[in-house]
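Let me begin by presenting the structure, written as structure tokens, before commenting on it.
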Amino acid sequence: MTAHPHHDLRTLDLPSPDLPHGTVAMLAAAELDGPLIRSLTHEFSRRGVVHSVELRQVPLGDGTEVSAVRWSLTLDDSDDSYGSQLAVSLLEDAAHQLEGTVTQTVLPAPRRAQLHAEDGRLMLLMDVDSTLIDQEVIELLARDAGREAEVAEVTERAMRGEIDFAASLHQRVQALTGLPEGVIDSTLAAITPTQGARELLADLRRRGWPSYAVSGGFLQVLAPLAADLGLTGYHANDLAISAQGTLEGTVRGAVVDRAAKREYLEQWSASQGLLPRNVVAVGDGANDLDMLAAAGVGIAFCAKPALAEQADLVIDHRSFELISLALGMG
């Protein structure tokens, strides 16, 4: 079905739960007006075929929502054989006309096709702090030590790539020395999964697609979170806890840094009979760079510039529903 400018922009009936094969383009902002959407749809139709166009209201964790419009396309232009550069250019022009934060993504047809294994599966691999969850766990822990601001400043610098992650972790964990083990439970109670994460992970389970989390945070927090969300597997740093039940201010074993995250991507995908190109990796900081580079599709999620500049897709609103939309999932 080809969508033309005069078509109603409510969700159209699709031939399957997911979009048909082809390029997926998405635009999300606080407000999207009809004339702009119709103009973009007309331009896409003029340069190829629009298989579907749909408009959704997507809730965010802060109680607000954004409008997201998504197109399924077959395009061709002089820049590349799949028209992805044309779609990128049109969405960038549209973004300049919108106010506030704007998310714009284009997943080219060949990249989307190679993402899925022969049996149709893909694997999702996520960072945890400020990605899968809204908080930075180490900052919540440091709050109980009265050192939240100090630790948050070091975290910010590490996520921007300004200082070595492993060194920054040791520095921040040292600030937790002497805290009672009970702070882990109170921290876990304060954590909120990012809007739409629980729903996306449930969808993956229904499909039989694996999901993993790898974190520069801590196993003591990630383990119960992973069980609650139904993750296939996970890994993080191991906080050292004394026999007296207090945090020792160190971690046991090797630090989960950017190189380790990539290694876990390769290890877990192989264990599932998948290739790295069948992985969607999602992160927000410089320590996620290697992981995103190794993945079939790397998504920068409300990310620092160091990561956003290198990612395949950039999502700037806190909703995992936008991840599924950008990937062409129903």
Go through Ser319, Ser324 for me and flag whichever is open to solvent by 10 Å² or more (accessible area, probe 1.4 Å) and of a type in the set (Ser, Thr, Tyr). Ser324
Expected output for segment 283-311 (first residue on the phi > 0 side of the Ramachandran plot and modelled with pLDDT of 95 or more, partner open to solvent by less than 10 Å² (accessible area, probe 1.4 Å) and small (Gly, Ala, Ser), Cβ below 9 Å, 6+ apart or cross-chain) is none
Give the residues of segment 201-247 that are free of Cβ contacts under 8 Å to residues at least 24 places away in the same chain and within 19 Å of Gly182 (Cα to Cα), sorted by residue number. Leu219, Ala223, Asp238, Ala240, Ser242, Ala243, Gln244
With the structure loaded, tell me whether Asp79 is of a type in the set (D, E, K, R), within 23 Å of His21 (Cα to Cα) and either surrounded by fewer than 16 Cβ atoms within 10 Å (Cβ to Cβ) or at pLDDT 95 or above (or both) or whether it fails that test. yes
In segment 258-304, what residues are farther than 21 Å from Gly217 by Cβ and of a type in the set (Gly, Ala, Ser)? Ser269, Ala270, Ser271, Gly273, Ala293, Gly296
So, in segment 106-120, of the ones that are closer than 8 Å to Val24 by Cα and at pLDDT 95 or above, which residue ends up least open to solvent (accessible area, probe 1.4 Å)? Leu107
Here is a check on your reading of the model: is Asp134 open to solvent by 50 Å² or more (accessible area, probe 1.4 Å) and more than 20 Å from the chain's Cα centre (by Cα)? no
Residue among Leu86, Leu125 that alone is in contact with a Phe, Trp or Tyr (Cβ under 6 Å, 6 or more places away or on another chain) and buried (at least 23 other Cβ atoms within 10 Å of the Cβ): Leu125
Can you find even one residue in segment 87-96 that is small (Gly, Ala, Ser), in a loop (DSSP other than H, G, I, E, B) and within 21 Å of Phe301 (Cα to Cα)? no
If I filter segment 162-176 for residues that are β-branched (Val, Ile, Thr), in contact (Cβ under 8 Å) with a residue 12 or more places away in the chain, closer than 16 Å to Asn237 by Cβ and open to solvent by 10 Å² or more (accessible area, probe 1.4 Å), do I get at least one hit? no
Restricted to segment 40-74 and to residues being open to solvent by 20 Å² or more (accessible area, probe 1.4 Å) and touching a Lys or Arg at 6+ places or on another chain (Cβ under 9 Å), the residue farthest from Ala197 (Cα to Cα) is Leu55
Among (1) open to solvent by 30 Å² or more (accessible area, probe 1.4 Å); (2) without any contact (Cβ under 8 Å) to a residue 24 or more places away in the chain; (3) in a helix (DSSP H, G or I), Glu266 falls short only on (2)
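Quick one: which of Leu239, Leu188, Leu231, Leu200 is buried (at least 20 other Cβ atoms within 10 Å of the Cβ) and either touching an Asp or Glu at 6+ places or on another chain (Cβ under 7 Å) or part of a helix (DSSP H, G or I) (or both)? It would help to see each step written out before you state the result.
Working: Leu239 fails: either touching an Asp or Glu at 6+ places or on another chain (Cβ under 7 Å) or part of a helix (DSSP H, G or I) (or both); Leu188 fails: buried (at least 20 other Cβ atoms within 10 Å of the Cβ); Leu231 fails: either touching an Asp or Glu at 6+ places or on another chain (Cβ under 7 Å) or part of a helix (DSSP H, G or I) (or both).
Among Leu239, Leu188, Leu231, Leu200, only Leu200 is buried (at least 20 other Cβ atoms within 10 Å of the Cβ) and either touching an Asp or Glu at 6+ places or on another chain (Cβ under 7 Å) or part of a helix (DSSP H, G or I) (or both).
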From Thr192, Thr250, grab the single residue that is within 18 Å of Ile138 (Cα to Cα), in contact with a helix residue (DSSP H, G or I) (Cβ under 7 Å, 6 or more places away or on another chain) and touching a residue at least 12 places away in the same chain (Cβ under 8 Å). Thr250
May I ask you to say which residue of Glu156, Glu139 is within 20 Å of the chain's Cα centre (by Cα), under 28 Å from Glu263 (Cβ atoms) and open to solvent by 20 Å² or more (accessible area, probe 1.4 Å)? Glu156
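What number of residues within segment 247-263 satisfy the criterion of being in contact with a Phe, Trp or Tyr (Cβ under 9 Å, 6 or more places away or on another chain) and not in a helix (DSSP H, G or I)?
Residues flagged as in contact with a Phe, Trp or Tyr (Cβ under 9 Å, 6 or more places away or on another chain) and not in a helix (DSSP H, G or I) within segment 247-263 amount to 4.
The values are calculated or read from the model by the stated rules, or taken from the named source; none is laboratory data. The structure displayed is predicted, hence computed values, not measured ones. Every residue, glycine as well, gets a Cβ built from its backbone with ideal geometry; the counts of neighbours run over all protein chains shown. In case anyone asks, the SASA skips ligands and DNA or RNA and just uses the protein heavy atoms, side chains included. Shrake-Rupley method; radii C 1.70, N 1.55, O 1.52, S 1.80 Å.
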